[in-house]
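Following: one structure in structure tokens, then a few remarks.
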Amino acid sequence: MLAGAQPIVDFGGDLTVSGTTGCNRFTGGYTTSGSALAVGQVAMTMMACTGPGVMEQETAFTQALAATPSAATLRRSRVLDKSGRVLLVLTQLLPVPETPLLGTTWKLSGIVANEAVSSPVAGYDVTLVLTDGALTGKACNTFRGQAAITGTTIKVGPLMSTKMACANEAATAQETAVLMILEAATTLTQEGATLTLTAADGKALQFTAA
């Protein structure tokens, strides 16, 4: 599995299956009979993801899920087809301690634009810290500004930042995109250690707790 893009599948007690391919999120239904398992057709978001190997991993994962109606037995945390070929190897996730929204250092993990997710520029981490009524962070430059959060809505800005030049064009473009999306953000969603800030035009910043 790719670091930072690990597929996750949750077989809920209500016979709903959901999770992430490491890129896109999916949801659907499943049935069981004894050790037999069958996942029905799932609905999935359709973002293109640009990290090395991420789309190939997604294809392999979704093909394994799709194969289960004609398969699948669950044995020792492995999903097998009728011939005994391993389709999926499952590892139970340990409970994750609650991550507070405020005071946590959030590290940029993806920039969403035009229904595609771009990975951060290697070697140029972007961080964000939200506090009561404000935010601070660092791209190439450090920045700060007001941040009013009510439920899942957020209003940011104006932002102020230092004016040092970034080391290259890619880092400069990343910083520009981050600051523009931050100031335009209207929606905030947190799922455990994952934070997403989304603007009205659909562009978004994805963060994980550092």
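The values are calculated or read from the model by the stated rules, or taken from the named source; none is laboratory data. None of these values were measured; they are calculated from a predicted model. Heads up, the Cβs are rebuilt from the backbone with ideal geometry, glycines too, and the neighbour counts pull from every protein chain shown.
List of remarks:
- Within the stretch 130-145, restricting attention to residues that are hydrophobic (A, V, I, L, M, F, W, C) and either in contact with a Ser or Thr (Cβ under 9 Å, 6 or more places away or on another chain) or part of a loop (DSSP other than H, G, I, E, B) (or both), the residue that is nearest to GLY51 (Cα to Cα) is ALA139.
- Candidates LEU93, LEU87: the one that is touching a helix residue (DSSP H, G or I) at 6+ places or on another chain (Cβ under 8 Å) and either polar (S, T, N, Q) or at pLDDT below 90 (or both) is LEU87.
- Residue count for the stretch 196-210 satisfying the condition of being under 13 Å from the mean Cα position of the chain (by Cα) and of a type outside the set (Val, Ile, Thr): 6.
- The one condition in (1) surrounded by fewer than 18 Cβ atoms within 10 Å (Cβ to Cβ); (2) under 30 Å from GLN206 (Cα atoms); (3) modelled with pLDDT of 80 or more that ALA38 fails to fulfil: (2)
- Only one of the numbered conditions (1) closer than 19 Å to ALA5 by Cβ; (2) in contact with a Pro (Cβ under 7 Å, 6 or more places away or on another chain) is not met by ALA38, and that is (1).
- Taking each residue of the stretch 31-48 that is in contact (Cβ under 8 Å) with a residue 12 or more places away in the chain and looking for partners that are among the charged types (D, E, K, R) and surrounded by 12 or more Cβ atoms within 10 Å (Cβ to Cβ) with beta-carbon atoms closer than 6 Å, six or more apart or interchain, yields THR45/ARG25.
- Among the residues making up the stretch 117-126, those that are modelled with pLDDT under 95, hydrophobic (A, V, I, L, M, F, W, C) and surrounded by 14 or more Cβ atoms within 10 Å (Cβ to Cβ) are VAL117, VAL121.
Residues are listed down the side, and each one gets a yes or a no for (1) assigned to a strand (DSSP E or B); (2) over 20 Å from GLY51 (Cα atoms); (3) touching a residue at least 24 places away in the same chain (Cβ under 8 Å); (4) outside the structural domain of VAL54 (by TED's automatic domain parsing):
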site	(1), (2), (3), (4)
LEU128	yes, yes, yes, yes
ALA147	yes, yes, no, yes
MET160	yes, yes, no, yes
ILE181	no, yes, yes, yes
